[in-house]
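*Asks:* Encoded as structure tokens, here's the structure I'll be asking about.
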Amino acid sequence: MREYLLTLCITAAVTYLLTGPVRKFAIVAGAMPEIRARDVHREPTPRLGGIAMFFGLCAGLLVADHLTNLSEVFEKSNEPRALLSGAALIWLIGVLDDKFEIDALIKLGGQMIAAGVMVMQGLTILWLPIPSVGSVALTQWQGTLLTVALVVITINAVNFVDGLDGLAAGMVCIAAAAFFLYAYRIWYSYGIEAAAPATLFSAILMGMCLGFLPHNMHPARIFMGDSGSMLIGLVLAAGAISITGQIDPDALKLFAGSEKAAVHQTVPVYIPLLLPLSIIAVPAADLISAIVRRTWRGQSPFAADRGHLHHRLLEIGHSHSRAVWIMYFWSALIAFGSLAYSVNSASMWIVLGVVFLSAIGLVLLLLPRFTPRVPMWAQAIVPPRYRRRRPVVAESVESAESVEVEQRTPVAAGVAGVNGATALRARPHAPERRKAETSR
């Protein structure tokens, strides 16, 4: 655990220290796009924050390679090198998009190529645990297609949710924390060495997000851009592929009996990690709703709009910071709720706790829709939007309306003292000014 924490801290420190120079470089390079109709921020903000995050990833892998225990991950598995190869490719595509705004189909093709590069180096899904069936071995083509689909879905889910300051980095950090606890439990408690790469990927991913968040919280000084959002999405997908499709459920040996019975009993453990993990359920739901909404309107699924979940929170009446924290809450509830259920699926307290917290989340979500009546003695301690308005005296209203009517009464054209036919009231100094000009 100490080596994982050291790797996390080194990754976070490198990312944090490099983000400032990267911000200056982005300003000099002109990576400050104009504000678009769907944007929430009011001032042009530099992008290319993914550069600092990528070097943080490289630093984390380099440090882990020189540690006593984590170095065995690089000796026994080629997955860290596969991750670095795919991350470098997707990061390069993101940097080009942040600077030159490349086409969406080109980005989609680059995502598929990056996933294919990882598959070629061994980071792929080999089998799937299916209830009442057992571990189903996949052919090479099936594993490749499923791996590419998982990578593309996760990358775009994270990319779609990157619309508010600190939102994507915070949500992915929460997901990575829950995923780290799960993977570490599989590796340490059951002695399965195949879970070590996923544990390392999660620790590095947490460091990348934690190092970037201080620069990206509202009001953000720099955005991660597609170079950052696609990168952290790929790292999260790599961890899911590593632990879901390469660890045999029967190796856990939790239950006696046939392999079919063991897989059936361990389904609660593996449901949180399938296509593409329930820990990113909120970004995935946003992705699906965006595709359905745009296709229904006859638009391209990649056409940007203001219909994402965070945009709707702002339309309801939430502030920028409150909308981000609400999304954090739901991500943490789903991620750690799934984690707790995977540890002890027979506990009713876990289900009741998730239901209770979900009710609290719904109240917080719909809070701007309600305007409760606050008693007079509490007027001074509540926000202004909850205070009662003072009644307006009827006489003052009538006098104000009479004055407004008198001021708006039109005057016929040709009357002396009127400045043209469209004037509403006379200008007393205009006739004198005209007489003085004619006398000269």
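*Asks:* Restrict the search to segment 189-220; then list the chymotrypsin sites (Phe, Trp or Tyr not before Pro) that DSSP places in a loop and that have at most 16 other Cβ atoms within 10 Å of their Cβ.
*Replies:* Here the chymotrypsin sites (Phe, Trp or Tyr not before Pro) that fit, given the DSSP loop and packing criteria, are Tyr190.
*Asks:* Same structure again: Need one value: the accessible area of Ile288 in square angstrom, 1.4 angstrom probe, rounded to the nearest 10.
*Replies:* 110 Å²
*Asks:* Taking the simple approach of a point 7 Å from Cα along Cα-to-Cβ for both Thr68 and Ala29, what is their distance in nm?
*Replies:* Taking the simple label geometry, Thr68 and Ala29 are separated by 4.0 nm.
*Asks:* Just need log10 I(q)/I(0) for segment 50-110 at q = 0.13, 0.15, 0.23, 0.30 Å⁻¹, Debye formula, equal scatterers on the alpha-carbon atoms, no solvent, rounded to two decimals.
*Replies:* Log10 of I(q)/I(0), two decimals: -0.44, -0.55, -0.91, -1.21.
*Asks:* Order the peptides 150-160, 108-118, 221-231 from the highest to the lowest mean number of other Cβ atoms within 10 Å of their residues.
*Replies:* 221-231, 150-160, 108-118
*Asks:* Taking R0 as 60 Å, what's the FRET efficiency between Asn78 and Met376 from their Cβ-Cβ distance, rounded to 0.05?
*Replies:* 0.25
*Asks:* Work out, in µm²/s and without decimals, the Stokes-Einstein translational diffusion coefficient of segment 12-126 at 37 °C, 0.692 mPa s, Rh from Kirkwood over C-alpha pairs.
*Replies:* Using the Kirkwood radius from Cα pairs, D works out to 204 µm²/s.
The values are calculated or read from the model by the stated rules, or taken from the named source; none is laboratory data. Remember, predicted model here, so these are calculated numbers, not experimental data. All Cβ positions, even for glycine, are placed from backbone atoms using ideal geometry, and neighbour counts span all protein chains on display. Remember, those area values only see protein heavy atoms, side chains included, never the ligands or the DNA or RNA. Shrake-Rupley method; radii C 1.70, N 1.55, O 1.52, S 1.80 Å.
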